[in-house]
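The values are calculated or read from the model by the stated rules, or taken from the named source; none is laboratory data. Here the structure is a predicted model, which is why all the values come from computation and not from measurement. Cβ atoms come from the backbone with ideal geometry, glycine included; neighbour counts cover every protein chain shown. These accessible areas exclude ligands, DNA and RNA; they are computed on the full protein's heavy atoms, side chains included. Shrake-Rupley method; radii C 1.70, N 1.55, O 1.52, S 1.80 Å.
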Amino acid sequence: MRIAMAQINSSDNPGANLVVVADAAARAAADGADLVVFPEATMCRFGVPLGPIAESLDGPWATRVSQIAVDRQIAIIAGMFTPADDGRVFNTLLIAHPDGRRESYDKIHLYDAFGFLESRTVAAGDKPVIVDVAGTTVGVATCYDIRFPDLFTTLAERGAQVIAVPASWGAGPGKVAQWEVLATARALDSSCYVVAVGQAEPEDPDLARGSTPTGVGHSQITDPLGTVVAAYGSGKCVRAHDIDLAAVETARTRIAVLANRKSI
């Protein structure tokens, strides 16, 4: 399988962000990728009211992303916001397939940490999600989810070989190191490839220094034995990478953490 990581900067303009998605997807498709993973909040960066931005999966933003997937014949995972019944929004991952199908995942673990209160405006999802991409079972998780190992082992037990983790990671002392360690740990926990794709560090220094989680970059792919096979710096980057799915079975044979796991 060939997977592209699109480490981009989202603005507060969903239309402008669609142009970024179209360009990155075209580059990923030209590089032979089956799947391109964008960050959390690709539709619109954090730090602005999300209610007026949110749209359904049948709305114009998701429809355009879906059309890009069809036109480029590449699967796309990208973060957006959809309306919740209580006036808040869901932090949603759109999975747009080359045949026009759309699937979604609503972030389960909300980022009420480091002085940020995501649950004030975002409602939590409650369903782990796996999807088929080019014959590979792909699980999805979002940003703060990466701190919760049970979600990753659940996805693996449901058949995931790859887990995509779009994020808009908050800056701060030690935060990049935590992101990198957590991505590797979750690959080992689940015996999956973990494709952890973050927003690039904002070019606006005021955004980069603020308390809103607007991204630090450092996307990485970790294999099921804990080896980092691709890693980016803090700036914008779009590249495709081959992954060997045989490594999943190798890890599950050599380090049988899933088979040996006990409920306590």
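What is the distance, in nm, between label points placed 7 Å from the Cα along the Cα-to-Cβ direction at ALA256 and at ASP85?
4.4
Between ALA231 and ARG147, what FRET efficiency follows from the Cβ-Cβ distance if R0 is 25 Å, with the result rounded to 0.05?
It comes to 0.80.
With labels modelled as points extended 7 Å from the Cα through the Cβ direction, what inter-label distance (nm, one decimal) is found for ASP99 paired with SER211?
Modelled inter-label distance: 4.7 nm.
Taking a virtual spin label 7 Å from the Cα of ARG2 along the C-beta vector, which residues in segment 64-108 bring their backbone nitrogen under 14 Å of it?
Hits in segment 64-108 for ARG2 at 14 Å: 73-75.
From Cα coordinates alone, what are the radius of gyration and Dmax values for the chain in angstrom?
For the chain, the Cα-based Rg and Dmax read 16.9, 50 Å.
First measure r as the distance between the Cβ atoms of PHE114 and GLU249, then evaluate 1/(1 + (r/R0)^6) with R0 = 25 Å and state the FRET efficiency to the nearest 0.05.
0.10
Based on the mean of other beta carbon atoms within 10 Å per residue, what is the order of 70-80, 128-138, most packed first?
On the way: 70-80: 23.4, 128-138: 18.5.
The packing order, highest mean first, is 70-80, 128-138.
Which value, in Å to one decimal place, does the Kirkwood hydrodynamic radius take for segment 138-264 when every pair of different Cα atoms is included?
Taking the inverse mean of 1/r over all distinct Cα pairs, segment 138-264 comes out at 14.9 Å.
Could you check the spin-label model distance between ARG158 and ALA16? Points 7 Å from the Cα along Cα→Cβ, value in nm.
3.6
If I require 20 Å or longer along the helix axis, counting alpha carbons, and a Kyte-Doolittle average no lower than -1.0, what helices from the chain are left? Use full DSSP H segments.
14-30, 175-190
In the chain, carbon and sulfur make up what percent of the accessible area (probe 1.4 Å)?
Answer for the chain is 50 percent, counting heavy atoms of protein chains only.
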